[in-house]
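All remarks here apply to the structure that follows.
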Amino acid sequence: MTATSAHAEDANRPAPKAVLFDTFGTVVDWRSSLIRQFEVFAGETGVAGNWAAVADAWRREYAPSMNRVRVGASPWKTLDQLHRESLATVLSELGIAGVRPDDLDRLSLAWHRLSPWPDAVEGLQRLKRRYVIGPLSNGNVALLVNMAKFAQLPWDVVPGSDIFRHYKPDPEIYLGVCDLLSLAPHDVMLAAAHGSDLAAARSCGLQTAYFPRPLEYGGPGARPLDPGSAVQQDWDILASDIEDLATQLGA
């Protein structure tokens, strides 16, 4: 299915020079990847737990942990550091015992080992032939580089939030990436499966492309589809996935 907005065919819209991507949930399947790694850990150690519940609770800590940094309630910390703190909290709240400190270190880096969605690698390879591509993510550089190696994501550049010491939706991260690439905001497109991310990017002058990831939270009914799927959101491009985005951008 191709879900193309009128703006995707607007001859007055300049072609972007760079196409950047939200990463967690948009390019990689964080939930299934985390659950799989937890299950491997459980098989090796005998630690028992509801690993789907752990993954979901850990993800729920994602935005609040970054927001504490954004509002100054916590000093700057990388996403790796926040993930470790959040996982310790989640395991304690869910009553999962037997996780040693070195186990916690290993599990907190599970975000470095996330698998891509089926369309991601081929779609990115196509886009790379014509555009500069990279993540525009809250991940720190080490996380994003290791994930790219693991998932074979063919990024040209890997800017991380630790370069800008801000987290989305702070404008410093959207505009900082543009400055890093020596591009005006209107020459950069953010592609994401999350409408709030795209709205923040658009407010900074970036072009926007939306495609849904209905399985991000485990399948139909697990969580309402992101409101960015609505045509009235008026993104520059509406696509069905990254391969469709590549097609619409002529890659």
Got a number for residues in region 232-251 being buried (at least 18 other Cβ atoms within 10 Å of the Cβ), within 18 Å of the chain's Cα centre (by Cα) and more than 17 Å from residue 13 (Cα to Cα)?
-> 3
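Out of 48, 53, 73, which single residue is without any contact (Cβ under 8 Å) to a residue 60 or more places away in the chain, in the same structural domain as residue 99 (by TED's automatic domain parsing), part of a helix (DSSP H, G or I) and loosely packed, with under 15 Cβ neighbours inside 10 Å?
Numbers: 48 fails: part of a helix (DSSP H, G or I); 73 fails: part of a helix (DSSP H, G or I).
So the residue among 48, 53, 73 that is without any contact (Cβ under 8 Å) to a residue 60 or more places away in the chain, in the same structural domain as residue 99 (by TED's automatic domain parsing), part of a helix (DSSP H, G or I) and loosely packed, with under 15 Cβ neighbours inside 10 Å is 53.
Could you please find all residues in region 173-187 being of a type outside the set (Gly, Ala, Ser) and more than 17 Å from the chain's Cα centre (by Cα)? Break it down into steps so the answer makes sense when it comes.
Going residue by residue through region 173-187, those that are of a type outside the set (Gly, Ala, Ser) are 173-175, 177-181, 183, 185-187.
Scanning region 173-187 gives 175, 178, 179, 180, 181, 183, 185, 186, 187.
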Index of the failed condition, residue 102 passing every other in (1) under 21 Å from residue 32 (Cα atoms); (2) surrounded by fewer than 22 Cβ atoms within 10 Å (Cβ to Cβ); (3) not assigned by TED's automatic domain parsing to the domain that holds residue 240 | (1)
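Pick from region 100-112 the residues that are touching a residue at least 60 places away in the same chain (Cβ under 8 Å) and touching a Leu at 6+ places or on another chain (Cβ under 9 Å): which of them is nearest to residue 59 (Cα to Cα)?
Keep residues of region 100-112 that are touching a residue at least 60 places away in the same chain (Cβ under 8 Å), which gives 103, 106-107, 110-111.
Right, trim to touching a Leu at 6+ places or on another chain (Cβ under 9 Å) and you get 107, 110-111.
Values: 107: 14, 110: 12, 111: 11 Å.
Across region 100-112, the extreme among qualifying residues is 111.
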Matching residues in region 129-152 - criterion: being touching a residue at least 60 places away in the same chain (Cβ under 8 Å) and touching a Gly at 6+ places or on another chain (Cβ under 9 Å) = 130, 135, 137, 138, 139, 140, 142, 143, 144, 147
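Based on what the data block shows, is residue 125 at positive phi and either of a type in the set (Val, Ile, Thr) or at pLDDT 95 or above (or both)? So that I can check it myself, show each step before the final result.
Values: at positive phi: no; either of a type in the set (Val, Ile, Thr) or at pLDDT 95 or above (or both): yes.
It is false that residue 125 is at positive phi and either of a type in the set (Val, Ile, Thr) or at pLDDT 95 or above (or both).
Every residue, every condition in (1) touching a Leu at 6+ places or on another chain (Cβ under 6 Å); (2) modelled with pLDDT of 70 or more; (3) surrounded by fewer than 20 Cβ atoms within 10 Å (Cβ to Cβ); (4) assigned to a loop (DSSP other than H, G, I, E, B), yes or no:
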{"residue": "8", "(1), (2), (3), (4)": "no, no, yes, no"}
{"residue": "14", "(1), (2), (3), (4)": "no, yes, yes, yes"}
{"residue": "19", "(1), (2), (3), (4)": "yes, yes, no, no"}
{"residue": "33", "(1), (2), (3), (4)": "yes, yes, no, no"}
For residue 128, indicate whether it is farther than 25 Å from residue 80 by Cα and basic (Lys, Arg).
-> yes
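Can you tell me how many residues in region 76-97 are part of a loop (DSSP other than H, G, I, E, B), touching a residue at least 12 places away in the same chain (Cβ under 8 Å) and either under 19 Å from the mean Cα position of the chain (by Cα) or under 18 Å from residue 165 (Cβ atoms) (or both)? Steps first, answer last, please.
Step one: of region 76-97, the residues part of a loop (DSSP other than H, G, I, E, B) are 76-78, 94-97.
This time we only want the ones that are touching a residue at least 12 places away in the same chain (Cβ under 8 Å), so: 76, 78, 94, 96-97.
This time we only want the ones that are either under 19 Å from the mean Cα position of the chain (by Cα) or under 18 Å from residue 165 (Cβ atoms) (or both), so: 76, 78.
Looking only at that region, the number is 2.
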Residue match in region 130-142 (condition: part of a helix (DSSP H, G or I) and buried (at least 19 other Cβ atoms within 10 Å of the Cβ)) | no
Hey, does region 101-108 have a residue that's among the basic types (Lys, Arg) and over 30 Å from residue 182 (Cβ atoms)?
-> yes
Residues within region 107-129 that are surrounded by fewer than 18 Cβ atoms within 10 Å (Cβ to Cβ) and part of a strand (DSSP E or B), tallied = 1
Residue tally, condition among the aliphatic types (A, V, I, L, M), under 28 Å from residue 68 (Cβ atoms) and out of contact with any Pro (no Cβ under 7 Å at 6 or more places or on another chain), over region 170-189 | 1
When you go through (1) touching a Leu at 6+ places or on another chain (Cβ under 9 Å); (2) within 25 Å of residue 169 (Cβ to Cβ); (3) among the small types (Gly, Ala, Ser) one by one for residue 72, which number turns out not to apply?
-> (1)
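The values are calculated or read from the model by the stated rules, or taken from the named source; none is laboratory data. Note that the structure is predicted; figures quoted are calculated from it, not measured. Heads up, the Cβs are rebuilt from the backbone with ideal geometry, glycines too, and the neighbour counts pull from every protein chain shown.
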